[in-house]
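The values are calculated or read from the model by the stated rules, or taken from the named source; none is laboratory data. All of these numbers come straight from a predicted model, not from anything done at the bench. Positions of Cβ are backbone-derived with ideal geometry, glycine not excepted, and every protein chain shown enters the neighbour counts.
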Amino acid sequence: MSHKIIVDGLKKVLADTFLLYFKTHSFHWNVEGAQFKALHDLFMEQYTELWNTTDLIAERIRTLGEYAPNSWEDMMKHVTLQETGQTPDHHAMIEMLANDNKAITDVIRPVLHDAQKGSDDVTADLMTQRLAVHEKTLWMLNSLLKNAA
């Protein structure tokens, strides 16, 4: 397994993580309603973790000898998630973030498998950690949705 295939996958994970970071942060700024404080705090916890992760992913790309995206245009070439371009209500925010956390696991899994095939234990470990975070986040968001109806 070539590093190029792994790096291309990492660039998708980085782009989606970056977009999810921004979306989560914007929802933190704009959330309203009875659950304001709880969601404001939850979104802050989530966007902080995502922001810190962007550095880990970009540095892994650099460690593998490639350059990380260095412009918004370059980053968006790799993104699979969608921007919202709106300020939805708190229920829709939770749904969107749940969907995005599920979608990003679908981007991470092939990178994990490619890293395992290529004996790239460090990337495989990083992707395993990312899966754990997104699956836990998905569980938390889906739990909120069960009580939001």
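For region 64-91, what are the residues that are surrounded by 14 or more Cβ atoms within 10 Å (Cβ to Cβ) and either out of contact with any His (no Cβ under 8 Å at 6 or more places or on another chain) or free of Cβ contacts under 8 Å to residues at least 12 places away in the same chain (or both)? It would help to see each step written out before you state the result.
Taking region 64-91 and keeping what is surrounded by 14 or more Cβ atoms within 10 Å (Cβ to Cβ), we get 64, 66, 68-69, 75, 78-81, 84, 88, 90-91.
Correct list: Ala68, Met75, His78, Val79, Thr80, Leu81, Thr84, Pro88, His90, His91.
Here are Asp125, Asp114, Asp106: which of them is assigned to a helix (DSSP H, G or I), more than 22 Å from Phe27 (Cβ to Cβ), without any contact (Cβ under 8 Å) to a residue 60 or more places away in the chain and acidic (Asp, Glu)?
After applying the criteria, what remains is Asp125.
Filter region 128-149 for residues that are of a type in the set (Lys, Arg) and without any contact (Cβ under 8 Å) to a residue 24 or more places away in the chain; which is farthest from Val107 (Cα to Cα)?
It comes out as Lys146.
Residues in region 81-95 that are in contact with a Lys or Arg (Cβ under 7 Å, 6 or more places away or on another chain) and at pLDDT 95 or above: how many?
Final tally of qualifying residues: 0.
Return the residues of region 106-129 that are within 16 Å of Leu81 (Cα to Cα) and crowded, with 19+ Cβ neighbours inside 10 Å; say none if nothing qualifies.
The answer is Val107, Ile108.
Considering (1) in a helix (DSSP H, G or I); (2) in contact (Cβ under 8 Å) with a residue 24 or more places away in the chain; (3) loosely packed, with under 14 Cβ neighbours inside 10 Å, say which one Ser26 fails and leave the rest.
Result: Ser26 fails condition (3) only.
Yes or no: Leu144 of a type in the set (A, V, I, L, M, F, W, C), under 18 Å from Tyr47 (Cβ atoms) and either in contact with an Asp or Glu (Cβ under 8 Å, 6 or more places away or on another chain) or crowded, with 18+ Cβ neighbours inside 10 Å (or both)?
On the way: of a type in the set (A, V, I, L, M, F, W, C): yes; under 18 Å from Tyr47 (Cβ atoms): yes; either in contact with an Asp or Glu (Cβ under 8 Å, 6 or more places away or on another chain) or crowded, with 18+ Cβ neighbours inside 10 Å (or both): yes.
Yes.
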